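These notes concern the structure reproduced below.
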Amino acid sequence: MILWMLVFLIVFCLLWNYKGLLSIADIDDKYIFITGCDTGFGNLAAKTFDKKGFRVLAACLTESGSRALKAATSGRLQTVLLDVTDPDNVKRTAQWVKDEVGEKGLWGLINNAGILGVLAPTDWLTVEHFREPFEVNLFGLINVTLNMLPLVKKAQGRIINVSSIGGRLAISGGGYTPSKYAVEGFNDSLRRDMKEFGVKVSCIEPGLFKTGLTDPAKAAEKKMAIWKQLSPDIKQQYGDGYIEKSLAEKGKHKLFQNIDLSLVVKCMDHALTSLFPQTHYIAGIDAKTFWIPLSLMPAVLQDFLLLKRKVKLADPKAV
């Protein structure tokens with residue numbers, strides 16, 4: 001019996017791996033639209049898929065980002081300026097995409113645009129600090145998706161939402177993690193709603209990667225600015241040396257950072273081209289070996305490991 005079970009498992013694994021290798025044909029006539037292409041994952045994805053032969057429509061936030069991307073790619077790639085938080089801009093861009101793709105529809109929509117916002121203890125923040133990441137990471141993503149959805153349904157194509165390990169595990173205070181948790185929920189409901197239309201929806205959960213989004217200098221500057229505006233009571237609770245110690249502790253996270261952005265782009269590639277794309281992709285060694293496994297563990301263990309290296313407060317009972 002054990003031998004037969006072992007044979008079954010081996011055959012199942014071989015078939016599963018073979019299934020993942022089956023790919024679509026005729027890439028050259030397929031259009032994909034990518035948000036957040038100025039830098040990072042979106043920029044590398046636009047360049048990679050342009051070389052691969054896709055007709056890439058790349059959305060950049062800035063003119064400089066658009067010019068640099070055009071200079072580094074073929075004449076097939078086209079750029080458009082897009083602020084995902086501007087509803088009118090999103091509508092105009094959707095009409096532009098519709099005019100470009102025509103009757104072919106949109107094969108791939110990659111929602112990559114996102115911001116980190118402020119990472120700081122919750123009691124340092126106002127609701128506005130939470131609102132900004134939600135506007136970009138969630139509502140911007142949803143609005144782009146809703147406006148592009150008819151084109152993706154026409155092509156029976158793919159939607160790829162870039163989330164984060166922060167959508168599975170709350171590592172730091174601020175609006176980033178709650179916004180990514182919400183992206184995960186939207187992604188799951190969208191995937192089920194689109195199944196009957198032949199549209200496949202995937203979610204990518206990168207670990208900690210070295211990009212402009214995670215620039216430690218910018219994060220430290222934002223955190224310091226908030227610290228300076230805190231009330232004396234909160235400063236007394238945390239202590240004068242807290243901010244310096246916490247920034248030094250964050251610097252140790254560089255050990256977990258992935259440098260190779262192509263790990264995420266490879267997930268996008270598989271989600272776009274595989275006949276059987278995965279529903280969720282985990283990118284990064286840290287995500288696969290630590291963050292995602294930790295997200296599946298009991299809360300008491302999560303809290304122990306995440307709070308173990310947290311800087312101690314000077315006087316939490318001070319009022």
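Determine whether Leu138 is under 16 Å from the mean Cα position of the chain (by Cα), surrounded by 20 or more Cβ atoms within 10 Å (Cβ to Cβ), part of a helix (DSSP H, G or I) and not acidic (Asp, Glu).
yes
Before we move on, is Glu221 acidic (Asp, Glu) and either surrounded by 16 or more Cβ atoms within 10 Å (Cβ to Cβ) or more than 15 Å from Leu116 (Cβ to Cβ) (or both)?
no
Does Ser202 satisfy being buried (at least 24 other Cβ atoms within 10 Å of the Cβ) and polar (S, T, N, Q)?
no
Residues are listed down the side, and each one gets a yes or a no for (1) in contact with a helix residue (DSSP H, G or I) (Cβ under 8 Å, 6 or more places away or on another chain); (2) in a loop (DSSP other than H, G, I, E, B):
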{"position": "Ala59", "(1), (2)": "yes, no"}
{"position": "Ser66", "(1), (2)": "no, no"}
{"position": "Lys70", "(1), (2)": "no, no"}
{"position": "Asp83", "(1), (2)": "yes, yes"}
{"position": "Lys91", "(1), (2)": "yes, no"}
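For the stretch 72-81, give me the residue count where each residue is outside any strand (DSSP E or B), surrounded by fewer than 16 Cβ atoms within 10 Å (Cβ to Cβ) and among the aliphatic types (A, V, I, L, M).
Number satisfying all stated conditions: 1.
Check Gly173 against each of (1) surrounded by fewer than 22 Cβ atoms within 10 Å (Cβ to Cβ); (2) at pLDDT 95 or above; (3) not charged (D, E, K, R) and name the one condition it does not meet.
For Gly173, the failing item is (2).
Enumerate the pairs (first residue in the stretch 67-81 and under 22 Å from Ala94 (Cβ atoms); second residue anywhere and of a type in the set (Val, Ile, Thr) and open to solvent by 30 Å² or more (accessible area, probe 1.4 Å)) with beta-carbon separation below 6 Å, excluding pairs fewer than 6 apart on the same chain, so at least 6 apart or on different chains.
Note: no pairs meet the criteria.
Examine the stretch 6-21 for a residue that is touching a strand residue (DSSP E or B) at 6+ places or on another chain (Cβ under 9 Å), closer than 20 Å to Ile160 by Cα, at pLDDT 70 or above and of a type outside the set (A, V, I, L, M, F, W, C), and state whether such a residue exists.
no
Does the stretch 31-55 hold any residues that are buried (at least 24 other Cβ atoms within 10 Å of the Cβ) and outside any helix (DSSP H, G or I), and which are they?
Passing the criteria: Ile32, Phe33, Ile34, Thr35, Gly36, Cys37, Phe54.
So, of the residues in the stretch 95-133 that are assigned to a helix (DSSP H, G or I) and among the aromatic types (Phe, Trp, Tyr), which turns out to be surrounded by the fewest Cβ atoms within 10 Å (Cβ to Cβ)?
The selected residue is Trp96.
Please indicate, with yes or no, whether at least one residue in the stretch 262-271 is open to solvent by 60 Å² or more (accessible area, probe 1.4 Å), outside any helix (DSSP H, G or I), without any contact (Cβ under 8 Å) to a residue 24 or more places away in the chain and closer than 23 Å to Thr48 by Cα.
Scanning the stretch 262-271 turns up no residue that is open to solvent by 60 Å² or more (accessible area, probe 1.4 Å), outside any helix (DSSP H, G or I), without any contact (Cβ under 8 Å) to a residue 24 or more places away in the chain and closer than 23 Å to Thr48 by Cα.
The values are calculated or read from the model by the stated rules, or taken from the named source; none is laboratory data. Since the model is a prediction, treat every value here as computed from it, not as a measurement. As a convention, Cβ positions derive from the backbone with ideal geometry for all residues, glycine included, and neighbour counts pool all protein chains shown. Protein only, heavy atoms only, side chains kept; ligands, DNA and RNA dropped before computing areas. Shrake-Rupley method; radii C 1.70, N 1.55, O 1.52, S 1.80 Å.
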